[in-house]
Every structure is written in C-alpha cells, then in structure tokens.
Amino acid sequence: MLEATLRKWGYEVIVACDGAEAWEILQRDSAPAIAILDWVMPCLTGPEVCRKVRHQQGQEPYTYLLLLTSKNMKEDLIEGMDSGADDYITKPFDQHELQVRLRAGTRIVKLQQELRRQAAHDPLTGVLSRSKAFEMFDRELQRSLRESLPLSVLLVDLDHFKSVNDTYGHLAGDEVLREAARRLKEAVRSYDILSRYGGEEFLILMPGCDEESARTQAERLRQAMAESPVIITSANGAAHPLTASIGVTISSPLALESPESLVRVADEALYAAKRTGRNRVVFRATDDIAASVLSEPVSA
Ligand code: GH3
Ligand code: MG
Ligand code: MG
C-alpha cells in the first residue's frame, strides 16, 4: 500500500522485505536518499538499521531516515530518534502527514546535496576544490594500480601572476584566474580531473595517461593558456598576456604511491620550469633526478 502511495506521489520506490535487505540496499552506491523503515522487522529492526547507517564510516551522501511504527510511547520516540532516525511517524499513518514529512525530508536531502556540491567546487573558478580532488586522487591511484595503467599528475602555476594584482588590482586578478580555469577546462579531456590546488595553481589528474601522452597533453594545455592575451573587463579592457608553467609526473602502475608524494614530484618539476624560464612544461619521473625540459618559451 505504501509503495503504491509513494509511486502515486512521484517517488521512485525500492522495496526491502526485511531489515537486512534494507541495510544491503542502503550500502549500495546508488542507495536511495530517503528510507522509510518499519520498527519491527525480521533480521534487523528499524532502529538497528538506523544505527548501522549512521555508524557507516564516511557515509556519503546523507540518508534521510524516517521510522514508521505502531509504537507510540514517548520513550519509543526518544529511542527511535536516538538510533539516528531523522523523523518518526506512528501507524496507522495519515497519508497527508506522511506526504508533508517526506517533503521536509526531501528539502533536507536537497540542501545536503547542495552543500556537498559547494564543498566539492572552488567558488571563484567553478573547478573542483582541492579537497575533492584529493579524495578522487586516492581512488584514481587505486584504480590505476588495479588496471596497471599510469596516472598523470600536472601542477599548473600562472606565471608572474602577482603582477596582475599589483598592476590592475585584485578584482582583475580574479578575472584572469577565472579565464585561466576556463581555458584549462576547455583543453582537458572529459575524464581528466581539474582542480584549484591553491591561489593561482591548478592540479590536474589524467587517468590512463602514460609519460608520452602526459607530455603532449601538458604542452597542449600550455599552448591553450598562452594562446591569446586575457582581456580584463574590470581594467578597462586591458590585454594581459597569460602564460603558465607546468610540472608533470606519472604514477607507477606497479606500486601504490601517495597523492602527496606525487604532488611533491610534480612540484619539483614545476619549480624547475620556473627556474629555467617559465611558460614551459617540465616532466620528472618519480625516480628521476634530472628533469627534462620539454618546451621552450614561445617568445624570449
Ligand atoms: P611565479 O611566476 O613565480 O609563479 O610568480 P607569481 O607572481 O605567479 O607567484 P607568487 O606565488 O609570488 O604570487 C601568487 C599570487 O597569487 C600572490 C597572490 O596574491 C595571488 N593570488 C592567490 N590567490 C588569489 C585569488 O584568489 N585572487 C587573486 N586576485 N589573486 C590571488
Ligand atoms: Mg604559485
Ligand atoms: Mg605563479
């Protein structure tokens, strides 16, 4: 009856026959955002499922839990909410009450999704945030090891960026940063992971990219950045030549490395690119001491 009612209200419904099945479904990647749980169920009770969901480490995204039960004593309500439920309805339930409570639950789920989206993105440039990129970094490294494929790591740093702020002001600097991110976004492949690593630095992960293609891709990015000057609207249309230096490294497809150690090597390569003239790509292998200079500046 509940299933038919929920479908009529436009919800997509997955039915579980007992607590164990509910718990199994709630652990899936595609788990529903809202669960309506009976209190008394075979295998696991409703509050037991609530407790398991809340104790699940790094449980993301949030699951909104609503207990539906014939227990109606105040102590039951406290026990139910204490087990991690977000809300509680007693049976026999009033359809209208369930409908409005589900609407409140949906609002919370949507807010939570919006918070997650905001935390995953850099507000200025719209690319992924550093914390989100590092979360994906771990997963990509494990996947590359499983599939015996390398993962390329690129650190992009805008050249002489401080002079933009100093010459045209901070707002103009922000504008140039946004344009730099836009150019990078356009130049990377759809499955590359582009993030803002820090002030004017971007971290790019390229899954399945070996040394040769990493060099080619990095060179393409360097050219895309330097292609034309940025026209700064907030500085009366001033044309600012934009270039970036790029440090590149690749993970070993045979041993699990840490994101931090790979970024350190990419950073060393980036430092070498800065030292040897900027507007260039330098590759450094994780076990390499000598860096190789790939591209020369477009102009002296
Ligand atoms: P280099 O070629 O050696 O990289 O020189 P640089 O001037 O780019 O390097 P430096 O690290 O000295 O300067 C980075 C500047 O980036 C300093 C800081 O004020 C600016 N910056 C960092 N984040 C932001 C931001 O969000 N907006 C603006 N407008 N500027 C920022
Ligand atoms: Mg920098
Ligand atoms: Mg810089």
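Read the figures in this text as sums done on the coordinates, not as results from a lab. These numbers come from a predicted model, not from an experiment. Because the Cβ atoms are built from the backbone with ideal geometry, glycine has one as well, and the counts that use them run over all protein chains shown.
Taking every Cα-Cα distance in the stretch 123-267 and sorting them into 10 Å bins from zero, the calculated P(r) comes out as 12, 42, 30, 12, 3, 0 percent. Rounded, prolate or oblate for the stretch 2-120? Axes are the square roots of the Cα gyration tensor eigenvalues, ordered a ≥ b ≥ c, and the cut-off for rounded is a/c under 1.5. Rounded, since a/c falls under 1.5. Hey, in the GNM for the chain with a 10 angstrom Cα cutoff, which one of Asp87, Asp210, Asp159 fluctuates hardest? Between Asp87, Asp210, Asp159, it is Asp87 that shows the largest mean-square fluctuation.
To one decimal place, what orientation-averaged projected area in nm² is obtained for the convex hull of the Cα set of the stretch 21-78?
Working: hull surface 16.3 nm².
For the Cα atoms of the stretch 21-78, the hull's average projected area reads 4.1 nm².
Of the DSSP H helices in the chain, those that are both long (alpha-carbon extent of 18 Å or more along the helix axis) and hydrophobic (Kyte-Doolittle mean at least -1.0) are 95-120, 170-187, 259-275. The residues neighbouring Glu79, those whose beta-carbon lies less than 15 Å from its own, together hold a net charge of -3 under the Lys/Arg +1, Asp/Glu -1 convention. Take the Cβ atoms of Glu186 and Ser234, set R0 to 25 Å, and the FRET efficiency comes out at 0.70. With a Cα cut-off of under 20 Å and a minimum spacing of 8 residues unless on different chains, the lysine pairs in the chain number 6.
Per residue, the average separation of C-alpha pairs within less than 8 Å and at least 6 apart gives the stretch 21-117 a relative contact order of 27 percent.
Only DSSP H runs of four or more residues enter the estimate; each adds -39500 (n - 2.57), and after division by the residues of the chain the mean residue ellipticity at 222 nm equals -14500 deg cm²/dmol. Residue ranges 68-78, 271-281 sort as 271-281, 68-78 when ordered by packing (mean number of other C-beta atoms within 10 Å per residue, highest first). Within the listed set Ser258, Ser190, Ser30, the residue fluctuating most in the Gaussian network model of the chain (springs between alpha-carbon atoms under 10 angstrom) is Ser30.
Where the centroid of each part is defined by its Cα atoms, how far is the stretch 238-291 from the stretch 66-145 in Å? Value for the Cα centre distance between the two parts: 39 Å.
Relative intensity of the chain on a log10 scale, I(q)/I(0) at q = 0.13, 0.15 Å⁻¹, equals -0.89, -1.03, per a Debye sum over C-alpha point scatterers of equal strength in the absence of solvent. With a/c under 1.5 counting as rounded, go ahead and sort the stretch 78-128 into rounded, prolate or oblate using the C-alpha gyration tensor (a ≥ b ≥ c being the square roots of the eigenvalues; past the cut-off, prolate if a/b is larger than b/c, else oblate). Verdict is oblate for the stretch 78-128. Which percent, to the nearest 5, of DSSP beta bridges fully inside the chain are antiparallel? About 65 percent, rounded to the nearest 5.
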